[in-house]
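The values are calculated or read from the model by the stated rules, or taken from the named source; none is laboratory data. Keep in mind the model is a prediction, meaning the values are calculated, not measured. Here the Cβ positions follow ideal geometry from the backbone for every residue, glycine too, while neighbour counts run over all protein chains shown. What goes into the accessible areas is simple: the full protein's heavy atoms, side chains included, and nothing from ligands, DNA or RNA. Shrake-Rupley method; radii C 1.70, N 1.55, O 1.52, S 1.80 Å.
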Amino acid sequence: ETWRNRVDAYWDLLSPAIQSDTMRNIMDMKANMGSFATALNDKDVWVMNGVPEDGSNTLKLIYDRGLMGAVHSWCEAFSTYPRTYDLFMNVLNMDPFK
(Lines give C-alpha, C1' and ligand atoms only; values in the text may rest on other atoms or scores of the structure.)
Protein backbone atom coordinates (compact mmCIF):
# COMPACT_ATOMS: atom_id res chain seq x y z
CA GLU A 1 0.00 0.00 0.00
CA THR A 2 2.81 2.42 0.87
CA TRP A 3 4.58 1.84 -2.42
CA ARG A 4 1.31 2.10 -4.38
CA ASN A 5 0.75 5.58 -2.88
CA ARG A 6 4.29 6.60 -3.73
CA VAL A 7 3.95 5.30 -7.29
CA ASP A 8 0.69 7.21 -7.73
CA ALA A 9 2.38 10.40 -6.51
CA TYR A 10 5.33 9.85 -8.86
CA TRP A 11 3.03 9.15 -11.80
CA ASP A 12 0.97 12.29 -11.08
CA LEU A 13 4.15 14.39 -11.17
CA LEU A 14 5.29 12.95 -14.49
CA SER A 15 1.91 12.48 -16.17
CA PRO A 16 2.13 15.66 -18.31
CA ALA A 17 5.37 14.36 -19.85
CA ILE A 18 4.39 10.69 -20.20
CA GLN A 19 3.19 9.57 -23.61
CA SER A 20 1.23 6.34 -23.90
CA ASP A 21 3.65 4.78 -26.39
CA THR A 22 6.88 5.37 -24.46
CA MET A 23 8.87 3.51 -21.81
CA ARG A 24 10.19 5.28 -18.72
CA ASN A 25 13.58 4.37 -17.23
CA ILE A 26 13.82 4.22 -13.44
CA MET A 27 16.63 3.22 -11.11
CA ASP A 28 15.88 2.27 -7.53
CA MET A 29 19.20 3.08 -5.88
CA LYS A 30 18.43 1.15 -2.69
CA ALA A 31 16.06 -1.52 -3.89
CA ASN A 32 15.95 -3.74 -0.80
CA MET A 33 13.37 -6.31 -2.04
CA GLY A 34 12.26 -4.56 -5.24
CA SER A 35 8.92 -3.38 -3.83
CA PHE A 36 9.03 -0.09 -5.72
CA ALA A 37 9.53 -1.94 -9.03
CA THR A 38 6.70 -4.33 -8.16
CA ALA A 39 4.37 -1.41 -7.46
CA LEU A 40 5.15 -0.13 -10.97
CA ASN A 41 4.29 -3.42 -12.69
CA ASP A 42 1.20 -2.01 -14.45
CA LYS A 43 3.11 1.00 -15.85
CA ASP A 44 5.24 1.22 -19.00
CA VAL A 45 8.55 1.35 -17.15
CA TRP A 46 11.92 -0.38 -17.08
CA VAL A 47 13.31 -0.54 -13.53
CA MET A 48 16.90 -1.28 -12.58
CA ASN A 49 17.05 -2.33 -8.92
CA GLY A 50 20.34 -1.31 -7.36
CA VAL A 51 21.50 -3.02 -4.19
CA PRO A 52 24.28 -1.10 -2.38
CA GLU A 53 27.52 -3.04 -2.09
CA ASP A 54 27.94 -2.02 1.54
CA GLY A 55 24.44 -3.10 2.65
CA SER A 56 22.47 -6.33 2.90
CA ASN A 57 22.69 -8.33 -0.30
CA THR A 58 19.02 -8.75 -1.22
CA LEU A 59 19.68 -9.37 -4.90
CA LYS A 60 18.49 -12.99 -4.65
CA LEU A 61 15.12 -11.77 -3.34
CA ILE A 62 14.87 -9.33 -6.25
CA TYR A 63 15.67 -12.10 -8.75
CA ASP A 64 13.19 -14.46 -7.06
CA ARG A 65 10.48 -11.85 -7.71
CA GLY A 66 11.35 -11.90 -11.41
CA LEU A 67 12.97 -8.46 -11.37
CA MET A 68 16.29 -7.12 -12.68
CA GLY A 69 18.99 -5.81 -10.41
CA ALA A 70 22.66 -5.44 -9.62
CA VAL A 71 24.90 -5.00 -6.59
CA HIS A 72 26.77 -1.76 -6.97
CA SER A 73 29.20 0.59 -5.22
CA TRP A 74 27.93 4.12 -5.79
CA CYS A 75 31.51 5.38 -5.74
CA GLU A 76 31.88 3.89 -9.23
CA ALA A 77 30.15 4.61 -12.53
CA PHE A 78 27.11 2.49 -13.32
CA SER A 79 27.55 1.26 -16.86
CA THR A 80 24.22 -0.07 -18.04
CA TYR A 81 21.73 0.59 -20.79
CA PRO A 82 19.86 2.93 -20.78
CA ARG A 83 22.34 5.67 -20.04
CA THR A 84 19.64 8.07 -18.81
CA TYR A 85 16.90 7.59 -16.26
CA ASP A 86 13.70 9.54 -15.62
CA LEU A 87 13.89 8.98 -11.87
CA PHE A 88 16.57 7.98 -9.41
CA MET A 89 14.75 6.52 -6.45
CA ASN A 90 16.33 6.63 -3.01
CA VAL A 91 14.23 5.89 0.08
CA LEU A 92 16.08 8.57 2.03
CA ASN A 93 14.61 11.25 -0.25
CA MET A 94 10.93 10.24 -0.06
CA ASP A 95 9.63 13.11 2.12
CA PRO A 96 7.71 14.82 -0.73
CA PHE A 97 5.67 11.62 -1.21
CA LYS A 98 4.40 11.30 2.36
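Pick from segment 1-17 the residues that are within 14 Å of residue 35 (Cβ to Cβ) and of a type in the set (D, E, K, R): which of them is surrounded by the fewest Cβ atoms within 10 Å (Cβ to Cβ)?
1
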Inset, instruction - Determine the pairs where a residue that is in contact (Cβ under 8 Å) with a residue 40 or more places away in the chain, located within segment 52-76, has a partner that is surrounded by 13 or more Cβ atoms within 10 Å (Cβ to Cβ) and outside any loop (DSSP other than H, G, I, E, B) with Cβ atoms under 7 Å apart, the partner being 6 or more residues away or on another chain. - result: 74/52
Inset, instruction - Mind listing whichever residues of segment 52-66 are within 21 Å of residue 40 (Cα to Cα) and open to solvent by 40 Å² or more (accessible area, probe 1.4 Å)? - result: 60, 61, 63, 64, 65, 66
Legend entry - Lone unmet requirement of (1) in contact (Cβ under 8 Å) with a residue 60 or more places away in the chain; (2) over 19 Å from residue 60 (Cβ atoms) for residue 30: (2)
